[in-house]
Structures are given as structure tokens and as C-alpha cells.
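The values are calculated or read from the model by the stated rules, or taken from the named source; none is laboratory data. Because the structure is predicted, anything quoted here is derived from the model rather than measured. Cβ: placed from backbone, ideal geometry, glycine included. Neighbour counts: every protein chain shown.
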Number of protein chains: 2
Amino acid sequence: MVTLEDIALKAGVSHSTVSRALADSPLVNPSTKERIKNLAREAGYQVNQVARNLKTRSTKTIGLVVPEISNPFYPELIQRVADHAKLAGYSLQLHLSAADQESESDCIASLSANRADGVLLVTGERGLVARSQVNALAASGTPVVIMGWVEDSDHLDLVAGDDSAGGRELAKHLADLGHTRIAVLGKAPHRGAFDRLVGFGDVLRERGIPLLPEMSIEVKNEEDVRLGVTRLVALPDPPTAIFAYQDSLAAVVYRQLEEAGVSIPNEMTVVGFDDLDLATYLSPRLTTVGAHISPLASAFVSLLVSRIQGTHPEPAPQSIIVTPKLIVRASSAPPRSRGVAFGGLS
Amino acid sequence: MVTLEDIALKAGVSHSTVSRALADSPLVNPSTKERIKNLAREAGYQVNQVARNLKTRSTKTIGLVVPEISNPFYPELIQRVADHAKLAGYSLQLHLSAADQESESDCIASLSANRADGVLLVTGERGLVARSQVNALAASGTPVVIMGWVEDSDHLDLVAGDDSAGGRELAKHLADLGHTRIAVLGKAPHRGAFDRLVGFGDVLRERGIPLLPEMSIEVKNEEDVRLGVTRLVALPDPPTAIFAYQDSLAAVVYRQLEEAGVSIPNEMTVVGFDDLDLATYLSPRLTTVGAHISPLASAFVSLLVSRIQGTHPEPAPQSIIVTPKLIVRASSAPPRSRGVAFGGLS
DNA sequence: AGTATCTCTGCAATCGTGTGCAAAGCAGAT
DNA sequence: ATCTGCTTTGCACACGATTGCAGAGATACT
């Protein structure tokens, strides 16, 4: 690898001058500057960032810690974050935490050892598991921004979607359509899902719509979803709508409803949460709440960058909440008026 | 940030001794070693990788360049690569090339400047666009392994799926089911898709099944897929099966067939390529060829690592070809015997 | 001509680690 | 008491860049 010294020799100057020339410093004579730049180009000089990082005490790198990547929510997020980071002049160091204590700690440790300028940490279902490591990192002066829910977030910079508002929107939508027997289905109550449900439940209560225990399904895996859906459709008085906390679960609900011979949205309305690309692949296309990934990523990166550069006006920890939008597609419709109840035709 | 020197002072030794102690060198007295380690732990010492990298001329980092991340094939690949890399003790530096000349060059330049120990480069539809940069990087001593198709791959380490074999498998499957009017649909002929088609076509030819021009649809985007499918089903003698080069395209085909009121697999068999998770979300579940992402990733990383460590037995460029498997699901069935043609009932 | 000013360049230190080499300390043997 | 050999430690340099400071030349001004 060719170094500053190498071109310094060729140019007959010292490596300091070469360094300044390549940095376009006004301190070096324009003609020598030009000569040096040409020599550097010819020699294929490529700055050694490792050395530069050591000297400048900055790496122009931000760490991105994500629980997993198989849930399509995360790739979309990563893409946006990468775009914004690149725009701001930062590289990404990606780590997959598997939403696991030890693994998440490892990620933080690695980023800390590599002196990332800042860290974006996306929490998984279990929230912020490596709490103490994050605190230590932040205490040592590396800005950290969390995305997603985390217990006791007072002294952390945080970016999150307003899950509760999203839940409210969906509930209003279903209520407006005339649904009164509504089932909810999702993973165990990690906080994000919990908020979605809270907002959802609040609106139902306002409208006087009950949320029956047998209509509330908690799932751990795909198999649970299948069982849950089967149980729902077999009820004597089955629901006319199902709210799945996540689009990816809604996809499984679709599959199972089809096997049960229940058509969407005629016999059953299904709504999801997140607005993944997946939502438009499904048929019928899924009504959901979302389209906030891009603003989330943007807020995420710009908050971190302003912390890194010390340009954020507000020194106190910030909580940025992005409000998602209701996106009505083809999977929601008014409930079929069972037996044309009012007309008494049944 | 606490440095070696800091704990050296606390321990009353020189930083060299601390360095050796933490590296478990046998050169340092066991008791002092223990003492130093404790002090380091208490002080929360965290090695500065940047400095270490500079000194050791190695970063324990591999660069992963991927065209995009919205196509679900890539996240699955990234996940596997990350797992294998971690196992081998390497961090990942992710770059998204957008399958674009300038951007891909930028990625390579950044990885080169950051002195990644090696680079894994996944080519997109256009093949290896930053050819010269890759050559320069390789010439400077950084191992590079390419995944996917690339023109004139003789002097490059390469890992790829056997697209041709996959195409053959699918063709055999369709032929065995009794299909004789088969349409193919995919993106413009980048080489990967091309090989899939070649293998597919070879088998059809062997079996005496024609591949009609009007049954060969080239698409650029989703809209093209919709138009193509519409045209296919409107043919006087429409196909009984459609082969989409990629699962993600098959998903769009599904959508359009449904709108056209054509049921899968009764009226139309659809098969894809890649075996993404998506394939099982679709209904009916998609018959496809794949399940080779994990072996691909494994081969990918272990080849690169052996190059980095100089332990690969064979100095000459290697081409590792992974054979995909046919995965039969519910989207393929024998063609409906139109009007029970033989019986003359029509 | 002498001096002040300005422009440009080089010297040398620094970032935090790793490591070859020398040397100090110590024990045992003669 | 001296020598040998072994263990343990420190000195000092290197990795490749950035940058404050001093000084060399050139120019202008008195």
C-alpha cells in the first residue's frame, strides 16, 4: 500500500506537505499542490483511514444494531438509515443482536472498541436488554440513540413510532366500518405491541365495543397463529375483523383463513401494523398503519449526527415520536350483515 | 477513554507489560498478570481497535457489498453471512451499491480506505460494474470474493448458485406434470436470469416442448409484470404454467392472476426461483428452487477467510457452485385437461 | 542594504498499540 | 565470588496520518 511518505519522496517534499496538499490546505503552493495531487492519483494513493482515525479521534462510522433481519421491517429500516447516513458522510457498521442479552452486549462492545462515532440501537421485543453497556458507552462520550420502546427512557435519546396513535387509527377505521366483534392477535406483550393494543382498546371502549377475552389471542410463533385463527373462526359468534399487531403476522393469518375457507374481506376483515412491502404483496392488499419508516430513519440519523457533532440545540435527552398513517387497502370492508339481520330475511 | 498507559500507571508497570498481560502473553509473571487484569476490568478498559488495527495491519473486518436490500433475497443472505463472519471472528461493514457504477465504486473505495481485511461483493442485475476498482483492490492484496454472475470470471474467486441446474429442475417438474404450454417471465437478461432460462429451455427442448415467443415476457418493473400476465391469459391458447425467474416476481404474478380471476394451481401453475421466505407467505405456497442461501453464505465466508489468512490450499482463483434444490409446494399441479380434449366432449 | 512581512515548507510530536531487543533480577551450579 | 541460564520487565520504535510551530526564502518597504 502506498503511503504519504511514498509520494512525498516522488515529489521531493515532506509527507506533511503531501498531507496538506491532499487536504486542499491553503498553506501549500498551488503549483506544488497540483503536482502532488497528480502524483498521488498516478500512484493510486488511497488514504489509510485507520491511521487517520487514530489521529483525528473520529471514525466517521456509526454502528447500527438491529435485532434481526428476517422480519422485513428491518431491511426497510436499514436501507433508509444507510441512505441518510451516507448523505451525512458516515459509514455503517451493522450488527445483528438477535434481541439477546449476550449478543447485544457483544455488539456494543465491538462498536465501542472500534470507536464508532455514534450508535443507533433498535430494540427488539424484549426492549433494551444491554442497558448497562449502553449506559457505559454513553457515559464514555459516544452518543447513542435508541429506536423502539425501552423502559424508563428518561435519560436516553429516543426515536419511536406512535404505536398508540396507530392503534387508535385502526380501531376507528374498523368501528367506522361497522365492526363490533373484533379479535386482536399478536406476540406476547412487549411494550410496542402493548401500546398498539392500548390505543386500539381505548377507541373501542369509547365507542362501546367490547373486547372479549376469547377474542384476544397471544401468539409465540406461526403455529400459534394458525391455532388461534382456527379457534376464532370456530367460535359460535366469530369475529368479523382481526387486528394483527404486525404485518408479518397478518400474512400468516391470511394463510390460515384461506385454509379455513374464510374469504377476505367479505367474511373477515384483516388489518395489520407496519406497512411493510409485504402488505402490498398479499392479496387482497392489507389495510395497515405505517409509512413511517422513512421519517423514523431520518429522525434517527439526524438526531445522532447532531449529537456527534455537538450541534444539537437541546442538550437534554430527546424523545422524537413519529406518527404513523392509516393506509386503507382491500383487506377491510364492512362486516357482512349476517342473515341481513334488519330485514328479518333469515 | 482509558488507555494502556492509564492502567500501566495504576499498576506501576510500563504499558508494554500491560499490553502483554491483557494478551495473556506467557512473558509476564502470572501474579502481575492477574493484578493488571483486575485493574483493567475495574477501570473499564476497552481496547482501542483503531490503534491496534494500525499496528497490526489488520482490522478483523470484512466488507459486504450488496446491491440492495428491498429484495428479500438479500436480507436472508446478509443474515447468514453475518452469522458465519461472526463465527470466524470478523465484523461486517455493510454497503449498499444500488447496483450502480458510481455507488459500487464508492463502496469499494470506502472499504479500501478503511483497510477491510477482505471484501464480499454480491453482483446485481448488471453484473460486476466496478470491475477496475475490484481489480485494483485485489491487486493491492485485499482478497475479494464475488457472488453471482460476472463476465469473464477467470481470475476471480467466485461463489454462485447453479442457476442452470435450477432451471432444469423446474422444467423437468413442469414437464413431468404434463405441461406443454409454458410461459417464462423475468427481468431483462442479466446473466443469472439468463442461465436459469438456458437450463429451463434445454430441458424443454429435450422433451420436445416448444417455448413460443409470445410466451416469453421480459419485464422491467411491476407494471410490466401486470401487463405481461394480462397478455398471457388473453392469448387464444394461453399457457398452463408460468415460470417467474424470481420469487419476488412470482408474487406479483399471483396478484395479477387473482385480479384476472385465474386460480392457482387449478387454472395456472406458477413456479419461482430463490425460495425466499416470501414463497411460503404466498397462497398457495410457491413451488420454487432454492434453499441454497445458507450454503452459499457459508462457502462465501469460508473462502474469503481462508484467503485472508492465506490458508487456502489452492492459490488459483476458485469457482464454487452451489446446487439448488427443487421445492415442490402447492402452486404447481397438472394442467387442467381443457374440455377433456381426448374424449371429444368439448 | 537592512528589515519587516508574507508565503510556503519541514521538523517533530502525537494518537494507542504491539513487539524486538536489551537488560535487570534471580537462582543454582561450580 | 563468578558464571550461566532463565524469567520478567522496560525502552524505544513502528504503524500512517494530522498539525502546531519554527524557520527558510521571497518580496516589499524604508
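More than 30 Å from B:ASN71 (Cβ to Cβ) and not β-branched (Val, Ile, Thr): is that true of A:GLN79 in this structure?
Taking the combined requirement at face value, the residue does not satisfy it.
All but one of (1) among the charged types (D, E, K, R); (2) in contact with a strand residue (DSSP E or B) (Cβ under 9 Å, 6 or more places away or on another chain); (3) buried (at least 20 other Cβ atoms within 10 Å of the Cβ) hold for B:ARG168, so report the exception by its number.
Evaluating B:ARG168 over (1) among the charged types (D, E, K, R); (2) in contact with a strand residue (DSSP E or B) (Cβ under 9 Å, 6 or more places away or on another chain); (3) buried (at least 20 other Cβ atoms within 10 Å of the Cβ) leaves (2) as the failure.
Where in the stretch A:158-263 are there helices (runs of 4 or more DSSP H), lying wholly inside it, with at least 1 residues that are within 14 Å of chain B (Cβ to nearest Cβ)?
A:222-234, A:247-259
Do you know which residues across the stretch B:150-204 are modelled with pLDDT under 90 and among the polar types (S, T, N, Q)?
B:SER153 - this is the single residue of the stretch B:150-204 that is modelled with pLDDT under 90 and among the polar types (S, T, N, Q).
Results for (1) hydrophobic (A, V, I, L, M, F, W, C); (2) under 18 Å from B:ARG115 (Cβ atoms); (3) within 11 Å of chain B (Cβ to nearest Cβ), shown as yes or no for each residue.
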| site | (1), (2), (3) |
| --- | --- |
| A:ARG20 | no, no, no |
| A:ARG35 | no, no, no |
| A:VAL47 | yes, yes, yes |
| A:LYS60 | no, yes, yes |
| A:GLU76 | no, no, yes |
| A:TYR90 | no, yes, yes |
| A:ALA116 | yes, yes, yes |
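For the stretch A:237-247, which positions are under 16 Å from B:TYR281 (Cβ atoms) and either at pLDDT 95 or above or surrounded by 24 or more Cβ atoms within 10 Å (Cβ to Cβ) (or both)?
A:ALA244, A:ASP247
Residue check: is B:VAL66 in contact with a helix residue (DSSP H, G or I) (Cβ under 7 Å, 6 or more places away or on another chain), of a type in the set (A, V, I, L, M), in contact (Cβ under 8 Å) with a residue 12 or more places away in the chain and within 16 Å of DNA strand D (Cβ to nearest atom)?
Criteria not met by B:VAL66.
Specify which of the listed residues (A:TYR74, A:TYR45) is of a type in the set (Ser, Thr, Tyr) and either more than 17 Å from A:ALA297 (Cβ to Cβ) or at pLDDT 95 or above (or both).
One residue alone meets the criteria, A:TYR45.
For residues in the stretch B:49-58 being within 26 Å of B:SER97 (Cβ to Cβ) and at the interface with chain A (Cβ under 7 Å from one of its Cβ atoms), which is farthest from DNA strand D (Cβ to nearest atom)?
B:GLN49
Against the condition more than 7 Å from chain B (Cβ to nearest Cβ) and touching a residue at least 60 places away in the same chain (Cβ under 8 Å), how does A:ASP100 come out, does it pass?
Taking the combined requirement at face value, the residue does not satisfy it.
Within the stretch A:78-88, which residues are aliphatic (A, V, I, L, M) and either under 15 Å from A:ARG126 (Cα atoms) or facing another protein chain (nearest Cβ under 7 Å) (or both)?
Matches in the stretch A:78-88: A:ILE78, A:ALA82.
If we keep just the residues of the stretch A:264-287 that are facing another protein chain (nearest Cβ under 8 Å) and either at pLDDT 95 or above or out of contact with any Lys or Arg (no Cβ under 8 Å at 6 or more places or on another chain) (or both), which is farthest from A:PRO72 (Cα to Cα)?
Restricting to residues being facing another protein chain (nearest Cβ under 8 Å) and either at pLDDT 95 or above or out of contact with any Lys or Arg (no Cβ under 8 Å at 6 or more places or on another chain) (or both), the top hit is A:LEU282.
Return yes when A:LYS55 is surrounded by fewer than 19 Cβ atoms within 10 Å (Cβ to Cβ) and either among the β-branched types (Val, Ile, Thr) or over 33 Å from the mean Cα position of the chain (by Cα) (or both) and no when it is not.
yes
Out of all the residues in the stretch B:19-33, which are more than 8 Å from DNA strand D (Cβ to nearest atom) and more than 25 Å from A:SER140 (Cα to Cα)?
B:ASP24
So, B:SER140, is that one of a type in the set (Gly, Ala, Ser) and under 20 Å from B:LEU304 (Cβ atoms) or not?
So B:SER140 passes the test.
Residues of the stretch A:1-48 being within 13 Å of DNA strand C (Cβ to nearest atom), within 44 Å of the chain's Cα centre (by Cα), among the small types (Gly, Ala, Ser) and surrounded by 16 or more Cβ atoms within 10 Å (Cβ to Cβ), which ones?
Those that are within 13 Å of DNA strand C (Cβ to nearest atom), within 44 Å of the chain's Cα centre (by Cα), among the small types (Gly, Ala, Ser) and surrounded by 16 or more Cβ atoms within 10 Å (Cβ to Cβ): A:SER19, A:ALA21.
Is it true that A:LEU94 is facing chain B (nearest Cβ under 10 Å), closer than 19 Å to A:PHE300 by Cβ and aliphatic (A, V, I, L, M)?
Answer is yes for this residue.
Right, B:GLU68: of a type in the set (D, E, K, R), at the interface with chain A (Cβ under 9 Å from one of its Cβ atoms) and surrounded by fewer than 22 Cβ atoms within 10 Å (Cβ to Cβ) or not?
The answer is yes for B:GLU68.
Taking the stretch A:1-18 on its own, how many of its residues are in contact with a Ser or Thr (Cβ under 8 Å, 6 or more places away or on another chain) and either away from DNA strand D (no atom under 12 Å from the Cβ) or within 14 Å of chain B (Cβ to nearest Cβ) (or both)?
Qualifying residue count for the region: 3.
Please indicate, with yes or no, whether at least one residue in the stretch A:330-343 is surrounded by 15 or more Cβ atoms within 10 Å (Cβ to Cβ), at pLDDT 95 or above, touching a Pro at 6+ places or on another chain (Cβ under 7 Å) and of a type outside the set (A, V, I, L, M, F, W, C).
The answer is yes, given that some residue of the stretch A:330-343 is surrounded by 15 or more Cβ atoms within 10 Å (Cβ to Cβ), at pLDDT 95 or above, touching a Pro at 6+ places or on another chain (Cβ under 7 Å) and of a type outside the set (A, V, I, L, M, F, W, C).
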